[in-house]
1. All but one of (1) under 27 Å from residue 273 (Cβ atoms); (2) assigned to a helix (DSSP H, G or I); (3) not aromatic (Phe, Trp, Tyr) hold for residue 89, so report the exception by its number.
2. Of all the strands (runs of 3 or more DSSP E) wholly in region 172-278, which have at least 1 residues that are over 16 Å from the mean Cα position of the chain (by Cα)?
3. Among the residues in region 246-265, are any surrounded by fewer than 18 Cβ atoms within 10 Å (Cβ to Cβ) and either touching a Ser or Thr at 6+ places or on another chain (Cβ under 7 Å) or free of Cβ contacts under 8 Å to residues at least 60 places away in the same chain (or both)?
4. Could you count how many residues in region 140-158 are in contact with a Ser or Thr (Cβ under 7 Å, 6 or more places away or on another chain) and either within 17 Å of residue 176 (Cβ to Cβ) or of a type in the set (Phe, Trp, Tyr) (or both)?
5. Within region 59-78, does at least one residue satisfy the condition of being in a helix (DSSP H, G or I), without any contact (Cβ under 8 Å) to a residue 24 or more places away in the chain, surrounded by fewer than 19 Cβ atoms within 10 Å (Cβ to Cβ) and among the β-branched types (Val, Ile, Thr)?
6. Taking region 27-41 as the search range and keeping residues that are in a helix (DSSP H, G or I) and touching a residue at least 12 places away in the same chain (Cβ under 8 Å), which one is farthest from residue 261 (Cα to Cα)?
7. If you take the residues in region 119-128 that are surrounded by fewer than 24 Cβ atoms within 10 Å (Cβ to Cβ) and of a type in the set (A, V, I, L, M, F, W, C), which one is farthest from residue 178 (Cα to Cα)?
8. Filtering region 42-58 down to residues that are assigned to a helix (DSSP H, G or I) and under 12 Å from residue 230 (Cα atoms), which residue is modelled with the lowest pLDDT?
Amino acid sequence: MPSLRETLARTRNSILGRIQTVLGQADISDETWDDLESLLLQSDIGAPTTEKLLTNLRKRAASEGIVKASALRGVLRSELVALLGPKATPVHDAKLLLEVIMVVGVNGSGKTTSIAKLCHLYLKHGRKIVLAAADTFRAAAIDQLQIWGERSGVPVIAGAPNSDPGAVVYDAVQASFNRKADLLIVDTAGRLHTKHNLMQELKKLRNVLSRSVHDAPHQTLLVIDAANGQNAINQAKGFAEAVGVTGVILTKLDGTPKGGVTFAIVNELGIPIRYIGTGEKMTDLQEFDPEAFVANLFDEKE
């Protein structure tokens, strides 16, 4: 598995690493704040989050009597960690007979691959899993999930292409109970003819799940491609409004300099990052740790 430091190399080298230069030994000046603002914006942290960070930094510089720009490094790091919030704790309720995780996101974000990685992660924790191939509008998605299922030894409940996704989900719930599985992970469509149709379809699936399993889905994870930068925020808003996203899986961080969008997702949407993808292999998914993430952005030890 690639290290977190390796995963964040492009973001660190392109933008955020340059912050170290801006925050040198000189006294803090208007130019310091201007340069810092520019770099934060270039890293896809976004305007609202950049404004919040700078406001907090200015307040702390004034209240703590910080004069040297170099002294802002530690303050910036602590503010970035604070933005991301505490590390997410496991949300599984052991009293649940069947936990249901619904995974949503646009096609191309790495959704189906993320489900395979998530499955691999949960298998290591001894969970008994069933997968539901509810993206029936894309035959390739069904095939891909079935291949991953075969590799992992996990049953995949699927229907014919263009069959009713709700029926697939219902069958998957019944199969989960029959097999005494304790976790059902549901893949969903990422693109229909219109955004409205997609969101209505996802709401329908939520309703099927809630009628079939108490309080389901217990998690709704949104898969976001980090390379989309600020465009990912608009995507996330649509899904969050439609299906009540509880966490984000951030993919493809290793191939983009836009890792700053991580902070914008949490700050602007109030949705925690639960997992990050660090590569292409099934093992390349890790639980998100804010402290480690920020430390590796600044090339520091955790």
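1. (2)
2. Fully inside region 172-278 and qualifying: 183-187.
3. Taking every residue of region 246-265 in turn, none turns out to be surrounded by fewer than 18 Cβ atoms within 10 Å (Cβ to Cβ) and either touching a Ser or Thr at 6+ places or on another chain (Cβ under 7 Å) or free of Cβ contacts under 8 Å to residues at least 60 places away in the same chain (or both).
4. The number of residues fulfilling the criteria is 1.
5. Yes, region 59-78 has at least one match.
6. Taking the candidates together, the pick is 32.
7. That would be 121.
8. Filtering region 42-58 down to residues assigned to a helix (DSSP H, G or I) leaves 42, 47-58.
Adding the requirement that they be under 12 Å from residue 230 (Cα atoms) leaves 42, 47-49.
Working: 42: 84, 47: 93, 48: 94, 49: 95.
The extreme case among them is 42.
The values are calculated or read from the model by the stated rules, or taken from the named source; none is laboratory data. Owing to the predicted nature of the structure, the values given are computational and were not obtained by experimental measurement. In this analysis, Cβ positions are derived from the backbone assuming ideal geometry, glycine residues included, and neighbour counts consider all displayed protein chains.
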